[in-house]
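Trainee: There's a structure below that I have some questions on.
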Amino acid sequence: IANWLFLLLLWGQYRRVDQQLKKTVNKLQSLPTVCVVVPARNEADVIPVSLRSLLLQDYPGNFHVFLVDDQSTDGTANFAQGVAYAVDKLEQLHIIYSADLPHGWSGKLWAMEQGVKVAVETFHETSLQLPDYLLLTDADIEHDISNLRRLVAKAETENLDLVSLMVKLRCQSFWEQLLIPAFVLFFQKLYPFRWVNNAKKSIAAAAGGCILIRR
């Protein structure tokens, strides 16, 4: 009983989900350059929605999307090109074809490593300003149109090196409704969101599906 009382009353009020990005942000004095890196393997079913949401971000600064096709067999890269063509954003999309997985790497991290490397090299070779931030995000996430602008504003106004969001997870089937709330609650118990966002606390966390980080 004492342990439960400690968790419920003293452990960062972990059951609350009141830590959110501001919907409205002040106009930024500068507009950092952002490279979005998206690892994708056989994501043809979701790329039309997720990639469109990235390419149509209302961020007024310079940003490019680097999609790493991790040896997909379902035409993911072709679908991505089609999306960029449909929304007239071909110049902002860069498709990278992943090399074979080297020993000691996991698939997603290897794809991201290649994406980050090519993104920086591309800006260097074209004499463009090197990206100030990298947005690392999954291929199956649909972003709100203002997500990038709000992430950058959070980082810039509060002088943060990393800003991360936990996405709203699909919770429709019986097993999703049974398991996903428990998963989120467990994550919050390990990393109470209020403490994660408190500069006076040493605890830190990030959700891998959406991470904005200074280069």
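The values are calculated or read from the model by the stated rules, or taken from the named source; none is laboratory data. Computed from a predicted structure; not experimentally measured. Neighbour counts are summed over all protein chains in view; Cβ atoms, including those assigned to glycine, are modelled from backbone coordinates with ideal geometry. Accessible surface areas use protein heavy atoms only, side chains included; no ligands, DNA or RNA. Shrake-Rupley method; radii C 1.70, N 1.55, O 1.52, S 1.80 Å.
Trainee: List the number of the failed condition for residue 14; all other conditions in (1) modelled with pLDDT of 95 or more; (2) under 22 Å from residue 207 (Cα atoms) hold.
Mentor: Here residue 14 clears every test but (1).
Trainee: Could you figure out which of (1) touching a Gly at 6+ places or on another chain (Cβ under 6 Å); (2) at pLDDT below 95 isn't true of residue 121?
Mentor: Going through the list (1) touching a Gly at 6+ places or on another chain (Cβ under 6 Å); (2) at pLDDT below 95, residue 121 breaks only (1).
Trainee: Restricting attention to segment 64-91, which residues are part of a helix (DSSP H, G or I) and open to solvent by 20 Å² or more (accessible area, probe 1.4 Å)?
Mentor: 78, 79, 81, 82, 85, 86, 90, 91
Trainee: Also, I was wondering about something else. Would you be able to tell me the number of residues in segment 45-63 that are of a type outside the set (Gly, Ala, Ser) and open to solvent by less than 30 Å² (accessible area, probe 1.4 Å)?
Mentor: So the answer is 7.
Trainee: Inside segment 140-151, can you point out the residues that are part of a loop (DSSP other than H, G, I, E, B) and buried (at least 20 other Cβ atoms within 10 Å of the Cβ)?
Mentor: Of everything in segment 140-151, just one residue is part of a loop (DSSP other than H, G, I, E, B) and buried (at least 20 other Cβ atoms within 10 Å of the Cβ), namely 143.
Trainee: Checking the conditions here, which among 189, 200, 154, 168 is among the charged types (D, E, K, R), assigned to a loop (DSSP other than H, G, I, E, B) and over 25 Å from residue 79 (Cβ atoms)? Reasoning before the result, please.
Mentor: Numbers: 189 fails: assigned to a loop (DSSP other than H, G, I, E, B); 154 fails: assigned to a loop (DSSP other than H, G, I, E, B); 168 fails: over 25 Å from residue 79 (Cβ atoms).
Result: 200 is the single residue among 189, 200, 154, 168 that is among the charged types (D, E, K, R), assigned to a loop (DSSP other than H, G, I, E, B) and over 25 Å from residue 79 (Cβ atoms).
Trainee: Okay, next question. Restricting the search to segment 92-106, which residues are within 17 Å of residue 48 (Cα to Cα) and either of a type in the set (S, T, N, Q) or open to solvent by 90 Å² or more (accessible area, probe 1.4 Å) (or both)? Even if it seems obvious, please write down each step before you answer.
Mentor: First, the residues of segment 92-106 that are within 17 Å of residue 48 (Cα to Cα): 92-95.
Matches in segment 92-106: 92 only.
Trainee: For segment 18-44, how many residues meet the condition of being open to solvent by 90 Å² or more (accessible area, probe 1.4 Å), within 19 Å of the chain's Cα centre (by Cα) and touching a residue at least 12 places away in the same chain (Cβ under 8 Å)?
Mentor: 3
Trainee: Ok, one more. Name the single residue, out of those in segment 157-174 being open to solvent by less than 90 Å² (accessible area, probe 1.4 Å) and of a type in the set (Val, Ile, Thr), that is nearest to residue 187 (Cα to Cα).
Mentor: Looking at the filtered set, the residue picked out is 167.
Trainee: Moving on. Regarding segment 3-12, can at least one residue be identified that is touching a residue at least 12 places away in the same chain (Cβ under 8 Å), surrounded by fewer than 17 Cβ atoms within 10 Å (Cβ to Cβ), in contact with a helix residue (DSSP H, G or I) (Cβ under 8 Å, 6 or more places away or on another chain) and in a helix (DSSP H, G or I)?
Mentor: Checked against the condition, which is being touching a residue at least 12 places away in the same chain (Cβ under 8 Å), surrounded by fewer than 17 Cβ atoms within 10 Å (Cβ to Cβ), in contact with a helix residue (DSSP H, G or I) (Cβ under 8 Å, 6 or more places away or on another chain) and in a helix (DSSP H, G or I), segment 3-12 yields at least one hit.
Trainee: How about segment 171-183: which of its residues are touching a Leu at 6+ places or on another chain (Cβ under 8 Å) and either in contact (Cβ under 8 Å) with a residue 40 or more places away in the chain or part of a loop (DSSP other than H, G, I, E, B) (or both)?
Mentor: Matches in segment 171-183: none.
Trainee: Continuing with this model, one more query. Please go through segment 120-139 and pick out each residue that is open to solvent by less than 50 Å² (accessible area, probe 1.4 Å) and under 28 Å from residue 26 (Cβ atoms).
Mentor: Taking segment 120-139 first, the residues open to solvent by less than 50 Å² (accessible area, probe 1.4 Å) are 120, 122-123, 131, 133-139.
Residues satisfying the conditions are 123, 131, 133, 134, 135, 136, 137.
Trainee: Looking at segment 160-201 only, could you name the residues that are modelled with pLDDT of 90 or more and among the small types (Gly, Ala, Ser)?
Mentor: Residues satisfying the conditions are 164, 173.
Trainee: Still on this structure: Within segment 13-57, can you find the residues that are within 24 Å of residue 120 (Cβ to Cβ) and assigned to a loop (DSSP other than H, G, I, E, B)?
Mentor: 28, 30, 31, 32, 33, 41, 43, 57
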